[in-house]
1. Tell me whether the stretch 305-314 contains one or more residues that are closer than 30 Å to Ala100 by Cβ and open to solvent by 30 Å² or more (accessible area, probe 1.4 Å).
2. Over 15 Å from Ile157 (Cβ atoms) and surrounded by fewer than 18 Cβ atoms within 10 Å (Cβ to Cβ), is that true of Gly274?
3. With the structure loaded, tell me whether Arg93 is open to solvent by 10 Å² or more (accessible area, probe 1.4 Å), over 22 Å from the mean Cα position of the chain (by Cα) and within 30 Å of Gly361 (Cβ to Cβ) or whether it fails that test.
4. What strands (runs of 3 or more DSSP E) completely inside the stretch 57-152 contain at least 1 residues that are of a type outside the set (Gly, Ala, Ser) and under 19 Å from His236 (Cβ atoms)?
5. Among the residues of the stretch 27-67, what is the count of those that are among the β-branched types (Val, Ile, Thr) and modelled with pLDDT under 95?
6. State all residues of the stretch 55-81 that are of a type in the set (Ser, Thr, Tyr), under 21 Å from Thr114 (Cα atoms) and open to solvent by 10 Å² or more (accessible area, probe 1.4 Å); if no residue qualifies, say none.
7. For the stretch 1-28, what are the residues that are over 26 Å from Gly361 (Cβ atoms), among the hydrophobic types (A, V, I, L, M, F, W, C) and over 21 Å from the mean Cα position of the chain (by Cα)?
Amino acid sequence: MRTFGVEEELLIVDPETGMLLALADVMLPGLVPPKQDAALLLPGQQPVHDGGADFSYELKLEQIETQTRPCLDYPELLRQLRQGRARADDAARAHGGRVAALATSPQGAATHLTPNPRYMTMQQRFGLTVRNQLTCGLHVHTLVDSPEEGVAVMDRIRDKLAVLIALSANSPYWNGAETGFESYRTQAWNRWPGSGPTMIFGSLPAYRRLVTRLVESGVLMDEGMIYFDARLARQHPTVEIRVADVCLRAEDAALIAVLVRALVESASREWNDGVDPAPVPTLLLRMAAWQASNCGLRGELLDFGTFTPAPAADVVHALVDFVAPVLEEQGELELVREGVGRILAEGTGSHLQREPFHAGGLAAVVERAVEVTTEGSAAVEAGQDASLGGASRA
């Protein structure tokens with residue numbers, strides 16, 4: 001089984017008012033293990049490993065990123081996700097805040113740029129796009145044997161990634177407004193020039209040539225701004241899938257990661273068997289992503305086989321059926337079917353946000369989100385979560 005891991009971006013909020021708090025710079029030094037130098041966590045430097053979860057700055061001081069270590073199975077990944085959320089929340093509590101797994105901020109407020117030279121240059125270069133940028137995503141890394149395999153995988157999963165947007169949708173509110181979208185983060189994020197779905201590359205040299213041309217165009221500052229929906233990670237031997245909203249429930253994040261790993265393995269097998277990528281025009285992929293962002297699981301998605309409208313539940317089940325052979329081999333098929341059924345029945349994070357809004361407004365949305373974000377974390381920290389027994393460490 002391939003190892004996989006997750007990066008989660010979390011908002012830092014006032015638990016009573018729901019307003020954003022610029023606390024990342026005071027939180028992160030407290031997350032450094034005592035034996036290590038706090039200077040290691042200056043902006044722009046690598047995160048410091050902390051007992052199963054890593055932490056780092058993001059573009060704005062109102063958010064913090066957690067990263068799991070490589071994992072082999074769902075229980076271990078979920079344990080690390082919950083642990084990372086718990087540690088980040090403890091650090092926020094020490095300064096009067098909490099963390100919330102919200103993909104956009106329900107409350108409107110000014111944000112503060114992390115004092116990093118690169119981010120400051122981005123602010124000068126991209127203006128309002130940077131000033132308005134405060135979105136939280138779920139990035140899933142899956143091990144690949146080589147960059148060549150990674151490009152082959154990206155070519156063969158591109159037509160299915162929009163389904164993950166719908167499953168993870170967790171951003172119906174944006175800066176004090178109802179957006180009319182289930183995943184407004186997708187809309188906001190795709191203002192970046194290097195974002196979105198890509199063409200079929202066909203080979204690693206073709207991928208490298210395109211990346212080089214994009215950087216040489218001068219529109220992007222550097223290769224770090226290659227924000228494709230799926231890309232080769234620069235610092236890890238992984239394919240990084242970047243389309244999902246951060247999930248309100250940690251178990252949803254772990255479930256989506258399992259689906260991503262199965263997609264990667266299925267695509268690798270197709271490549272080895274000589275199966276060509278589906279020749280779907282990139283513009284149709286944009287239509288599918290827009291539809292998933294707009295409707296989530298509430299209406300219709302574009303079927304990834306025909307790219308015509310179909311009930312969202314049918315498209316989600318079709319994705320599970322597509323990767324079922326891999327999931328069955330890995331002992332994860334029942335887990336995924338149950339998890340997908342739960343999300344379809346209970347709703348995504350967007351649905352869970354709307355429930356408290358109707359009773360108490362945006363402050364109530366954030367208050368409830370804070371509670372859900374860390375559900376199960378206390379038991380993990382105490383080593384008492386029976387549902388995570390027998391987890392394997394990668």
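The values are calculated or read from the model by the stated rules, or taken from the named source; none is laboratory data. Not measured: the values here are computed from a predicted model. Cβ coordinates were reconstructed from backbone atoms using ideal geometry, including for glycine residues, and neighbour counts include every protein chain displayed. Areas reflect the complete protein model, heavy atoms only, side chains present, ligands, DNA and RNA absent. Shrake-Rupley method; radii C 1.70, N 1.55, O 1.52, S 1.80 Å.
1. Yes, the stretch 305-314 has at least one match.
2. When the stated conditions are applied, Gly274 passes them.
3. yes
4. 63-68, 137-143
5. So the count comes out to 2.
6. Ser56, Tyr57
7. Passing the criteria: Met1, Val26, Met27.
Residues are listed down the side, and each one gets a yes or a no for (1) open to solvent by less than 10 Å² (accessible area, probe 1.4 Å); (2) touching a strand residue (DSSP E or B) at 6+ places or on another chain (Cβ under 9 Å); (3) not β-branched (Val, Ile, Thr):
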{"site": "Gly137", "(1), (2), (3)": "yes, yes, yes"}
{"site": "Val140", "(1), (2), (3)": "yes, yes, no"}
{"site": "Ser146", "(1), (2), (3)": "no, no, yes"}
{"site": "Asp159", "(1), (2), (3)": "no, no, yes"}
{"site": "Ala162", "(1), (2), (3)": "no, yes, yes"}
{"site": "Ser168", "(1), (2), (3)": "yes, yes, yes"}
{"site": "Pro172", "(1), (2), (3)": "yes, yes, yes"}
{"site": "Gly176", "(1), (2), (3)": "no, no, yes"}
